Amino acid sequence: MQLEKVELCFPELLNSSCRKPEPPHPSIVFFHVLLYFISFLTASLNLLVIISISHFRQLHTPTNLLLLSLAVSDFLVGPLVIPVEIFLANTCWILGDLVCVLYYLLPVTIITASVINMVLISVDRYVAICDPLRYPTKVTQKVVTICVFLGWIYSVFYSIFLLYDNLKHPGMYNSCYGECVIQITGVIDLVLGFAIPITVIIVLNMRVFVVAVSQIREMRSHIVTVSLKHSDTVKVKKSEIKAARTLGVLIVVFLMCYSPYYCITLTGYNVMIGSSTERFMIFLMYCNSCLNPIIYAFFYPWFKKSIRLIVTFQILQPGSCEYNVL
């Protein structure tokens, strides 16, 4: 009986080459098509957010600048991360061990930047709700720009720190040639990349929730006796509380998408990026980048107006940056 011929990634390396992945099952093909659609949707929707906040002058606020930074990190997931992850799952890695590690610097940096952006958004809402009188002086465009810049710089250095052993010895965790696998120390990533930031996010948002509820009760108790001048103040408070509620939804969805991956590390072993289980968890994290702009579409009227102006090419008209989208 003739043995089935085994196809290798590198036939010249008979004893050390990986086998070529088998053609995917039809159900897997459907899953990959779905992921490509999610990739396209992620890039398109986040690009709309980036264009909206960058173009319309009314949207140039500190909070929206943080949303812009989050949209940039989410956008990069669409064209640069998800397609490559699908490629890695179905083909041999032929670009070498060093390029493999350098590639993974990108998703680790993006994921870290998303977490940092969520922390900054939570701090912004905390100051806006809990210290509204000093919010305009504390949280300025300049301050937020510096914080966003430092957040991205931190994300780059953190990803280098997390992958230092892989950068120092590329390919040390590969079992054969043609494989692209890296290892992340799970405990360090769990504490620095998830536990501490998430604790800060939850504590700040719980405080915001308590203060927001008390403000809502106060406004309802004085709704009959407020003057016209005071009613303007009430509107401002309502807008801040609505923004806090929307960002709270963002954070809940963020936790739902990110928690499963980090729960793996609670079992006590290091995360091997490249295996099927971890790849599924990572894809779930990437789906968060697609969900964020969808949440904007449901909760932010300005995003709906901006989309309408963008897809109808009205933003190409002179002075369109001054349009009222609020």
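The values are calculated or read from the model by the stated rules, or taken from the named source; none is laboratory data. Computed from a predicted structure; not experimentally measured. For neighbour counting, all protein chains shown are included, and Cβ atoms are generated from backbone atoms with ideal geometry for every residue, glycine included. Note: areas computed on protein heavy atoms with side chains; ligands, DNA, RNA excluded. Shrake-Rupley method; radii C 1.70, N 1.55, O 1.52, S 1.80 Å.
Summary of computed values
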{"read-out": "The lone exception for SER73 - which of (1) open to solvent by 30 Å² or more (accessible area, probe 1.4 Å); (2) touching a Ser or Thr at 6+ places or on another chain (Cβ under 9 Å); (3) among the polar types (S, T, N, Q) it fails", "value": "(1)"}
{"read-out": "Selection within the stretch 100-155 - in contact with a strand residue (DSSP E or B) (Cβ under 9 Å, 6 or more places away or on another chain) and among the β-branched types (Val, Ile, Thr)", "value": "VAL101, VAL108"}
{"read-out": "Total residues in the stretch 118-134, condition part of a helix (DSSP H, G or I) and open to solvent by 20 Å² or more (accessible area, probe 1.4 Å)", "value": "6"}
{"read-out": "Test: residue in the stretch 233-254 that is over 30 Å from ILE182 (Cβ atoms), hydroxyl-bearing (Ser, Thr, Tyr) and at pLDDT below 70", "value": "yes"}
{"read-out": "Cβ pairs under 9 Å, 6+ apart, first in the stretch 141-157 and open to solvent by 90 Å² or more (accessible area, probe 1.4 Å), second of a type in the set (S, T, N, Q) and assigned to a helix (DSSP H, G or I)", "value": "TYR154/THR112"}
{"read-out": "Failed criterion for LEU80 (all others in (1) surrounded by fewer than 23 Cβ atoms within 10 Å (Cβ to Cβ); (2) over 27 Å from CYS18 (Cβ atoms) hold)", "value": "(2)"}
{"read-out": "Output for the stretch 158-192, where each listed residue is among the hydroxyl-bearing types (Ser, Thr, Tyr), open to solvent by less than 60 Å² (accessible area, probe 1.4 Å) and either without any contact (Cβ under 8 Å) to a residue 40 or more places away in the chain or in a helix (DSSP H, G or I) (or both)", "value": "TYR158, SER159"}
